[in-house]
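Encoded as structure tokens, the structure appears first; notes follow it.
The values are calculated or read from the model by the stated rules, or taken from the named source; none is laboratory data. Owing to the predicted nature of the structure, the values given are computational and were not obtained by experimental measurement. With ideal geometry, Cβ positions are generated from the backbone for all residues, glycine too; neighbour counts draw on all protein chains shown. In case anyone asks, the SASA skips ligands and DNA or RNA and just uses the protein heavy atoms, side chains included. Shrake-Rupley method; radii C 1.70, N 1.55, O 1.52, S 1.80 Å.
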Amino acid sequence: MADDTVADDTVADPDVRPALFPDEEYAARLRAVREKMAEQGLSALLVTDPANMFYLTGYDAWSFYTPQLLFVPAEGELLLFLREMDANGAFRTARLHPEQVVGYPERYVHRPHLHPFDWVAFALRRRGRIAPAARGCVGLEMDSHFFSPKGYRSLVNALPEWTLVDAFDLVNWVRAVKSPAELQYLRTAARVTTAAMQAAIDAIEPGVPQHRVAAQIARAQVEGVDDAWGDFPAMVPMLPTGASADTPHLTWSDRVLREGDAVVVELAGVHRRYHVPLARTVMLGPPTAELGLLEEAVASGLEAVLDVTAAGVPVRELASTWNWALAEFGLEKPSRLGYSVGIGYPPDWGERTISIRSEDESVLAENMTFHLICGMWMTGYGYEVSESIRITATGTESLTSFPRALIRK
């Protein structure tokens, strides 16, 4: 049958994503990054973390498994270097002009004697970007999951004029305080989180294999609820069960749930790359006395921490409050209590900046967001409750509203 519709050039291309933030917000982010660069004496910054690329440009694709790099000079236009097949469609998400996106040839992918950064270095040289950046140090994201030793060696060998230094997660620290628009995406993600956690709780029953529970979680994470659709999470659901609940980062197998099992569920709802993690423990049958003690201790500690949390409070005070609360029950938690969260790409939804522990010298600021992990991993059993929170001027906003007790079924 003939198509009687007439093309309308005024209709937006549905495959070009609308900007998630106004141009003013992207400009403010870049200014903040450049201010930090100036403080660290950097004449340029090389960004390889996909979360930081997304933060500065909006670029979003599953292309980070091959080398990619965002060149941020102290002044002038950004340049985004991607694999050629990804660069061709980057305009569909990135808020950059086409000439700012540069694709390296396919022949550089997965070659033992070549690296894409060899080509990127020469491309920067041809564009006259090497000499201006040589006036100071050039910062690298040395702890980025996707910056390899081979990539570093390629840059060192190809750019002898540059003094390459660690940027110490510069962009990550700028990301710590969220804008009002970012907070709205987080609140939307929290609705996905709630739906996914409820799907997990509904699926956990004696006789059900773990992978069936994981399947229901995954479906809810993607399907979302109403207009709160789900993006892919940076981490898969964690399902430590029974005796293995003493180890926090186990996933799933075909292991069948049994009466008497405690199942720890840690997951995140994601919307537009913004993550809201949540953990709860589901008990199939009556809990043991040891698990009951953990439930009571964690509830007391979490309440105490939330009572002291607000903008202007040192992070170490939260850790101290938590440690003293546990000590009253004869318990201790060697691992950190929580960390900053927001944008996430595999393999992690944390921002790799502030960690809530006694050694952290950071001070809380309004609109920072954290995942508080009140996890107690003992020997042969464990218990976990977590909350994702926003720091306010006078306290906190919990992004989800699940009961904070052991869930009994």
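Entry comment: accessible area of the range 211-358 is 40 Å² per residue, from protein heavy atoms only and a probe of 1.4 Å. The residues of the range 40-161 expose on average 44 square angstrom of accessible surface per residue, using a 1.4 Å probe on protein heavy atoms.
Within the accessible surface of the chain, defined with a 1.4 Å probe on protein heavy atoms only, the carbon and sulfur portion equals 54 percent. For the peptides 154-160, 195-201, the ranking by packing is 195-201, 154-160, with the highest mean count of neighbouring Cβ atoms within 10 Å listed first.
Sum -39500 (n - 2.57) across every DSSP H segment of at least 4 residues in the chain, then divide by the residue count to get the 222 nm mean residue ellipticity, nearest 500. Intermediate values should be presented prior to the final figure.
Values: 11 runs with 130 residues, N = 409.
Using -39500 (n - 2.57) per qualifying helix, the result is -10000 deg cm²/dmol.
Size descriptor for the range 275-380, Kirkwood hydrodynamic radius: 14.8 Å (Cα pairs only, one decimal). Dimensions of the range 313-355 along the principal axes, based on C-alpha atoms and rounded to the nearest Å, stand at 38, 23, 11, largest first. Measuring nothing but how far apart in sequence close Cα pairs (under 8 Å, 6+ apart) lie, relative to its length, the chain scores a relative contact order of 13 percent. Close Lys pairs in the chain, defined as Cα atoms under 30 Å apart and 8 or more places apart or on different chains, number 4. Farthest toward the dipole's positive end in the chain, which of Leu20, Val171, Leu302, given Cβ charges of +1 (Lys, Arg) and -1 (Asp, Glu) about the Cα centre? Farthest towards the positive pole: Val171.
Restricting attention to the chain, close to 75% of DSSP beta bridges with both partner residues there are antiparallel. Sparse packing (at most 14 other Cβ atoms within 10 Å of the Cβ) combined with a DSSP loop state is found for the following GluC sites (Glu not before Pro) in the range 49-134: Glu75, Glu77. Across the range 170-304, the volume of the C-alpha convex hull divided among the residues equals 132 Å³ per residue. Report the normalised scattering of the range 157-216 as log10 I(q)/I(0) at q = 0.16, 0.18 Å⁻¹, calculated by the Debye formula with identical scatterers on the alpha carbons. Values returned for q = 0.16, 0.18 Å⁻¹ are -0.73, -0.78. Among Ala189, Pro149, His97, flag the residue with its Cα farthest along the positive direction of the charge dipole of the chain, charges on Cβ as +1 for Lys/Arg and -1 for Asp/Glu. Value: Pro149. The gain in end-to-end length when the Gln40 to Asp202 segment is fully stretched comes to 53.3 nm, 0.36 nm per residue minus the alpha carbon separation.
Using Stokes-Einstein with the Kirkwood hydrodynamic radius over Cα pairs, what translational diffusion coefficient do you get for the chain at 37 °C and a viscosity of 0.692 mPa s, in µm²/s rounded to a whole number? For these conditions, the coefficient is 142 µm²/s.
Computed from backbone phi, the HN-Hα couplings of the range 359-367 come to 8, 7, 9, 6, 10, 5, 10, 4, 6 Hz, rounded to whole numbers (Karplus: 6.51 cos²θ - 1.76 cosθ + 1.60, θ = phi - 60°; Gly and Pro given as x).
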